[in-house]
Each structure stands twice: as C-alpha cells, then as structure tokens.
1. From the list Leu122, Leu100, Leu107, Leu91, which residue is closer than 21 Å to Leu175 by Cα, of a type in the set (A, V, I, L, M) and touching a strand residue (DSSP E or B) at 6+ places or on another chain (Cβ under 8 Å)?
2. So which residues in segment 58-73 are under 16 Å from Arg13 (Cβ atoms) and either surrounded by fewer than 23 Cβ atoms within 10 Å (Cβ to Cβ) or not hydrophobic (A, V, I, L, M, F, W, C) (or both), if there are any at all?
3. I'd like the full set of residues that are charged (D, E, K, R), under 19 Å from the mean Cα position of the chain (by Cα) and assigned to a loop (DSSP other than H, G, I, E, B), limited to segment 130-160.
4. Please enumerate the residues belonging to segment 46-83 that are of a type in the set (D, E, K, R) and either closer than 19 Å to Thr95 by Cα or touching a helix residue (DSSP H, G or I) at 6+ places or on another chain (Cβ under 9 Å) (or both).
5. Assuming Ile169 fulfils every condition listed in (1) within 27 Å of Leu203 (Cα to Cα); (2) out of contact with any Lys or Arg (no Cβ under 7 Å at 6 or more places or on another chain) apart from one, which condition is it?
6. Kindly provide the set of residues from segment 96-135 that are buried (at least 22 other Cβ atoms within 10 Å of the Cβ) and either charged (D, E, K, R) or modelled with pLDDT under 95 (or both), ordered by number.
7. From Leu238, Leu261, which residue is within 29 Å of Leu172 (Cα to Cα), assigned to a strand (DSSP E or B) and either of a type in the set (Asp, Glu) or at pLDDT 95 or above (or both)?
8. From (1) crowded, with 18+ Cβ neighbours inside 10 Å; (2) in contact (Cβ under 8 Å) with a residue 60 or more places away in the chain, pick out the condition that doesn't hold for Ile242.
Amino acid sequence: MNDAFGREITYLRLSVTDRCNLRCRYCMPEGGVEKRQHQEIASFEELEEMVQACVACGIRKVRVTGGEPLVRLGVVDFCRRIRRISGVEELCITTNGLLLAKYARDLKAAGVDRLNISLDTLCSGKYDSITRGGSLQQALDGLQAARDAGFRHTKLNTVLIGGFNDDEIPSLVELTRDEAISLRFIELMPIGECAGWDKSHFLPSQTVLERVPDLKPVGSDGVSFIYQIPGYQGTVGLISPISQHFCPSCNRIRITADGKLKPCLHSPSEIPLRGLHGAALQAAVAAAIRGKPMRHQLEGGNASGSLRNMNAIGG
C-alpha cells in the first residue's frame with residue numbers, strides 16, 4: 001500500500017516491550033521505565049492480529065524490537081507465530097545481544113531470518129558506562145552464539161556519539177574484514193534522553209569516511225549509504241537521519257508495545273489499535289499509512305517531536 005506521497009509502505013517495526021536489561025544513556029532513563037500494569041501492554045494475541053492487519057495493507061517485513069524484546073517471556077513462540085503469517089517475507093529482531101547465548105538457536109528454529117545487534121563500543125569500560133552496567137563480553141558472546149546458531153549477514157548497529165566512540169571508528173570498521181557482517185553507524189538523534197545533550201555529541205555520518213578514507217561506496221538500500229574497504233568481507237552502512245535524511249524513501253511504520261501505531265518515528269501522532277478487530281483494525285492501519293507525514297524536522301538542532309523515549313517506541 002502507498003502513502004499519500006507515493007511511498008510503498010512494506011516494513012513494520014513491532015515493539016513487544018518497553019523494558020530493557022540495559023539503561024543506555026541516550027535511550028533509557030537511569031532508573032529504568034515506570035512499570036506498567038499487565039493490561040496496559042498489548043498481548044501477543046493482540047499484536048499478532050495487528051501484524052495480520054498490517055500485512056493485509058502491504059507489509060512484508062516485520063522487525064521485532066523493544067526495549068529489549070528478549071526480556072519478554074514467550075517472545076520466541078511469538079516469533080514463530082508471526083513467521084507463519086502468510087505474506088510475511090522476512091522476520092528480524094533487534095537486540096542488544098545479552099540474551100542471545102540463551103535464545104539464538106531457538107530464534108533460528110522459530111524462523112527469524114536475521115538479527116540486528118546493538119554494539120556502540122569495543123571497550124569494556126565504555127560499554128559499562130554507556131549502558132550503565134552492561135557487559136561487553138556478554139554482548140560479544142551473544143554475537144558468537146548467533147554465528148553458531150547459523151545466523152548470517154548480521155547487522156551491528158553503532159550509534160555515533162562525539163567524544164564517546166568516534167575514536168573507535170577504525171577499529172569498529174575492522175570487524176568487517178573477515179566476516180560478511182554489516183556494520184552500521186547511526187547518527188545520534190535528539191530524541192528522549194539525549195535531546196538536550198551538547199551539540200558536540202551529534203556527529204554527521206560523514207565523520208566515518210573522514211576517519212576511514214579507504215571506504216569505497218558500493219550502493220544504497222534506501223536507508224543507509226553502503227561502503228566497503230576493498231578485499232573486506234563485510235560492509236559499512238551510514239544511516240544519516242539528520243545530515244542526509246532518507247524520508248523520501250522511508251517505507252516503515254511502527255507499533256508500540258501498548259498498541260499505538262506511529263506512522264513516523266519523530267512525529268507525536270499515534271493511532272490506537274487495541275480494541276479494534278477485523279475490517280475496523282485494517283481500516284485504521286490503512287488510514288495511518290495514508291496519513292504518514294512526508295518528513296521529520298530534525299535539522300537545525302530541532303528535537304524530535306516524539307512523545308516517547310526510543311525504548312518505548314522500538315528502535
């Protein structure tokens with residue numbers, strides 16, 4: 001299905017929880033999120049029905065997110081049910097990797113096609129600091145568990161933060177030397193916890209090319225500009241929502257863990273889906289797609305218009 005600007009909307013990011021086992025400084029409040037009542041979070045049955053309605057409106061790819069999706073009990077079986085929906089051509093999960101040692105094989109058996117793993121630093125002290133207590137080794141063990149389970153073409157997501165990890169750009173790129181992974185540098189966005197951070201932390205993705213001039217352009221996937229060092233097995237993607245926004249090619253919508261559909265990450269607009277069924281649910285999804293805004297307004301230091309932190313939206 002196309003939106004009002006002719007973009008074909010085929011990609012759903014589905015949050016199953018706003019809770020997380022980390023407290024990343026740019027994403028989560030230090031004290032974590034306020035615990036919701038059980039009935040405030042959409043059940044897996046409700047979320048599955050929402051996915052079915054989205055597929056009826058043209059969604060073909062589903063990414064399960066959080067918070068950290070693997071902290072929600074029953075998520076593996078939920079993935080299995082989503083993968084069985086006719087019309088779902090690709091099922092992915094975004095995770096911090098800490099629980100992959102436990103769940104990677106089960107996720108592969110459930111039909112998950114690909115993983116995105118958040119990895120902002122290769123320094124254990126920095127990892128502990130940015131995540132407020134996380135273990136880099138546990139994340140790396142999760143990445144190895146994904147390899148052992150048979151996951152290939154895994155994407156590593158690195159939020160580019162000035163004064164924190166920009167000195168690690170070359171060493172992070174080296175991860176692509178011998179393995180066909182996609183390392184993706186994502187510009188820090190002024191949303192939620194980091195909206196008021198000093199501007200020095202917000203670096204353009206062009207910084208990566210300045211630090212690693214051997215990178216050569218090899219294409220684009222609509223969201224990221226893709227580069228590679230000749231002879232390396234993997235690639236480096238630059239995702240530039242601020243310096244080179246990709247709104248004209250955006251093909252995604254989001255559903256939050258409490259059942260609100262967000263046509264745009266940075267818009268305050270949210271369409272409640274809980275309580276709707278059948279034709280009414282599908283009509284609400286279709287109306288939300290048609291109402292997707294043309295673009296966000298992050299340039300010039302503007303903060304996101306979203307009313308939620310990233311953990312409550314789904315990365």
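1. Working: Leu122 fails: touching a strand residue (DSSP E or B) at 6+ places or on another chain (Cβ under 8 Å); Leu107 fails: closer than 21 Å to Leu175 by Cα; Leu91 fails: closer than 21 Å to Leu175 by Cα.
Going through Leu122, Leu100, Leu107, Leu91 in turn, just one is closer than 21 Å to Leu175 by Cα, of a type in the set (A, V, I, L, M) and touching a strand residue (DSSP E or B) at 6+ places or on another chain (Cβ under 8 Å): Leu100.
2. Gly58, Arg60, Lys61, Arg63, Thr65, Gly66, Gly67, Glu68, Pro69, Arg72
3. In the first step, residues of segment 130-160 are kept if they are charged (D, E, K, R); the result is 132, 141, 147-148, 152, 155.
From what's left, under 19 Å from the mean Cα position of the chain (by Cα): 152, 155.
Hit for segment 130-160 is Arg152, nothing else.
4. Restricting attention to segment 46-83, the residues satisfying the condition of being of a type in the set (D, E, K, R) are 46, 48-49, 60-61, 63, 68, 72, 77, 80-81, 83.
Hits for segment 46-83 are Glu48, Glu49, Lys61, Arg63, Glu68, Arg72, Asp77, Arg80, Arg81, Arg83.
5. So Ile169 meets the others, but not (2).
6. Asp120
7. Unique residue meeting the criteria: Leu238.
8. Of the numbered conditions (1) crowded, with 18+ Cβ neighbours inside 10 Å; (2) in contact (Cβ under 8 Å) with a residue 60 or more places away in the chain, the odd one out for Ile242 is (2).
The values are calculated or read from the model by the stated rules, or taken from the named source; none is laboratory data. Keep in mind it's a predicted model, so treat the numbers as computed, not measured. Note that each Cβ is placed from the backbone with ideal geometry, even for glycine, and that neighbours are counted across all protein chains shown.
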